[in-house]
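Here the structure comes first, spelled out in structure tokens, and everything after it is commentary.
The values are calculated or read from the model by the stated rules, or taken from the named source; none is laboratory data. Given the structure is predicted, the values throughout are model-derived calculations rather than measurements. Note that we place each Cβ from the backbone using ideal geometry, even for glycine, and neighbour counts take in every protein chain shown. To get the accessible areas, we keep the full protein, side chains included, count just its heavy atoms, and leave off ligands, DNA and RNA. Shrake-Rupley method; radii C 1.70, N 1.55, O 1.52, S 1.80 Å.
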Amino acid sequence: MRNFRDVGGLPAAGGLRVRTGVLFRSGHLAGATAQDAVFLASLGLHTVYDFRNAADIKLDGQDIELPGVRHVNIPLNDPADGAEFWKLVRHGDVAQLRALLADGRAAARMTDSYRRTVLERTAEHGRVVRSLADGGVPVLLHCAAGKDRAGVTTAVVLLALGVGYEAIEEDYLKSNAAHRRYRVRRGEGAGGGRSAEVMELLGPLFDARSAYLRTAFETIEETWGGAGRYLAEGLGVTPEVRERLRERLLTA
């Protein structure tokens, strides 16, 4: 179970902070051990949100079952979107990877995915925020690696709590720690394997980069003029919902 952390302690507006023990994020739970399951059970989780699509789940497996915990799958991208791309990432040879990812193409793809997640997944993000405000905590938010789809969704929740961009980015970048990173999958016999050149080409896909998250923030600013209108008009999160969310997730 990689990239797990409690988001508690981040500073929010009004001199408050995110409570510890209510908002967690991680990579997928498919590889969780029995010891991990005991740890997760100790958190008193109400809900686990899994933002993976069907292709992700087929690759890594279903999350382990946690008795008494509500498990909700909300795919934040279409498994058909980029299926051939990810097939090449796993099985392509070095020449194919160069054509696909070199000269900034990998980073550009990631930047575009963050922009699209903000623009195209407002209904899903609104649903998550309202659920937390209505008592769906403690909650664990995860995708496959726990940095992109889970990262954007965590950022959305934190924006609704009044946490600033810099603090959100600082938490986001923790996903780069060696012990948190997603294990890169390469097919058996894939040309170049996991050579230094291959891993360099794949790097932008598996990094948490400030530029990616800032693209999400810039998209909010450009499209809605700020976090307030984004939450209200884009996500349908009313001031009353935000106040309930703050009461549940913030502390002095």
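Points worth noting:
- E240 being touching a Phe, Trp or Tyr at 6+ places or on another chain (Cβ under 9 Å) and assigned to a helix (DSSP H, G or I): no
- When E233, E222 are screened for being touching a helix residue (DSSP H, G or I) at 6+ places or on another chain (Cβ under 8 Å) and acidic (D, E), only E233 passes.
- Extreme residue, surrounded by the fewest Cβ atoms within 10 Å (Cβ to Cβ), among residues of the stretch 145-160 that are assigned to a loop (DSSP other than H, G, I, E, B) and charged (D, E, K, R): D148
- Residue list for the stretch 14-54, restricted to those being open to solvent by less than 50 Å² (accessible area, probe 1.4 Å) and either charged (D, E, K, R) or part of a helix (DSSP H, G or I) (or both): R25, D36, A37, L40, D50, R52
- Criterion: in contact with a His (Cβ under 8 Å, 6 or more places away or on another chain) and within 22 Å of G14 (Cα to Cα) - qualifying residue of V156, V129: V156
Results for (1) within 24 Å of E218 (Cα to Cα); (2) in a loop (DSSP other than H, G, I, E, B), shown as yes or no for each residue.
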| position | (1), (2) |
| --- | --- |
| D56 | no, no |
| G68 | no, yes |
| K87 | no, no |
| Q96 | no, no |
| A106 | yes, no |
| G126 | yes, no |
| S131 | no, no |
| G135 | no, yes |
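- Odd one out for A211, checked against (1) open to solvent by less than 40 Å² (accessible area, probe 1.4 Å); (2) modelled with pLDDT of 90 or more; (3) outside any loop (DSSP other than H, G, I, E, B); (4) small (G, A, S): (1)
- Residue within the stretch 161-177 that is part of a helix (DSSP H, G or I), open to solvent by 10 Å² or more (accessible area, probe 1.4 Å) and at pLDDT below 95 present: yes
- Residues in the stretch 75-97 that are surrounded by fewer than 18 Cβ atoms within 10 Å (Cβ to Cβ) and of a type in the set (A, V, I, L, M): A80, A83, L88, V94, A95.
- Where a residue in the stretch 127-146 is on the phi > 0 side of the Ramachandran plot and its partner, wherever it lies, is open to solvent by 20 Å² or more (accessible area, probe 1.4 Å) and in a helix (DSSP H, G or I), with Cβ under 8 Å and at least six apart: G135/R248
- For first residues located in the stretch 67-88 and at pLDDT 75 or above, partners that are open to solvent by 80 Å² or more (accessible area, probe 1.4 Å) and in a loop (DSSP other than H, G, I, E, B) and lie 6+ apart or on another chain with Cβ distances below 9 Å form the pairs H71/E65.
- Qualifying residue in the stretch 177-199 (condition: touching a Ser or Thr at 6+ places or on another chain (Cβ under 8 Å) and either among the polar types (S, T, N, Q) or in contact (Cβ under 8 Å) with a residue 60 or more places away in the chain (or both)): yes
- In the stretch 234-241 there is at least one residue that is open to solvent by 60 Å² or more (accessible area, probe 1.4 Å) and either out of contact with any Lys or Arg (no Cβ under 9 Å at 6 or more places or on another chain) or not polar (S, T, N, Q) (or both).
- Pick from the stretch 55-71, criterion among the small types (G, A, S) and within 19 Å of the chain's Cα centre (by Cα), ranking: most open to solvent (accessible area, probe 1.4 Å): A55
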